[in-house]
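To keep things clear, I will list the structure first and then write my remarks on it.
The values are calculated or read from the model by the stated rules, or taken from the named source; none is laboratory data. The structure displayed is predicted, hence computed values, not measured ones. Cβ placement follows ideal geometry from the backbone for every residue including glycine, while neighbour counts extend to all protein chains displayed.
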Amino acid sequence: MDTPSDTTPAPQAPEWSQAPDGWDWSAQDADGRWYWYRTEPVPGIGGGIWRSNSRNQQFAAAGRPNPDWLESLRRRPSAAQAPGPGGPPPPAGPDTPPRP
């Protein structure tokens, strides 16, 4: 006997345009709640949740429960491309003169 497949859409992450400035991470807990993070969160010891200092996490949206919550961590695209303080400069383009 064939079992019908689950055709519900994947959990929808909140739009980055809704995130406060400087809150460059988001993740969804197993219960479906999305949070913004100012610092990169880590999985909670008991499982099912992401953790960060309470001052560095903020509720973002409610979603449906997600058994693949560990795969939900994402970083704001513009933050992932920006070099950190003291980091290497961006690569030179074809019109950029080489650095001395």
- request: For region 66-87, enumerate the residues that are farther than 23 Å from Asp21 by Cα and either at pLDDT below 90 or not charged (D, E, K, R) (or both).
  value: Asn66, Pro67, Trp69, Leu70
- prompt: Among all residue pairs at least 6 apart or on different chains, which show Cβ distances below 9 Å where the first residue, located in region 44-65, is under 20 Å from Asp21 (Cα atoms) and the second is acidic (Asp, Glu) and loosely packed, with under 15 Cβ neighbours inside 10 Å?
  reply: Ser52/Glu40
Flag for Ala92 being surrounded by 10 or more Cβ atoms within 10 Å (Cβ to Cβ), part of a loop (DSSP other than H, G, I, E, B), at pLDDT 95 or above and at negative phi: no
message: Please determine whether any residue of region 41-49 is surrounded by 17 or more Cβ atoms within 10 Å (Cβ to Cβ) and either among the polar types (S, T, N, Q) or modelled with pLDDT under 95 (or both).
response: no
- prompt: Among the residues of region 7-56 satisfying the criterion of being among the polar types (S, T, N, Q) and out of contact with any Ser or Thr (no Cβ under 9 Å at 6 or more places or on another chain), which is farthest from Leu73 (Cα to Cα)?
  reply: Thr7
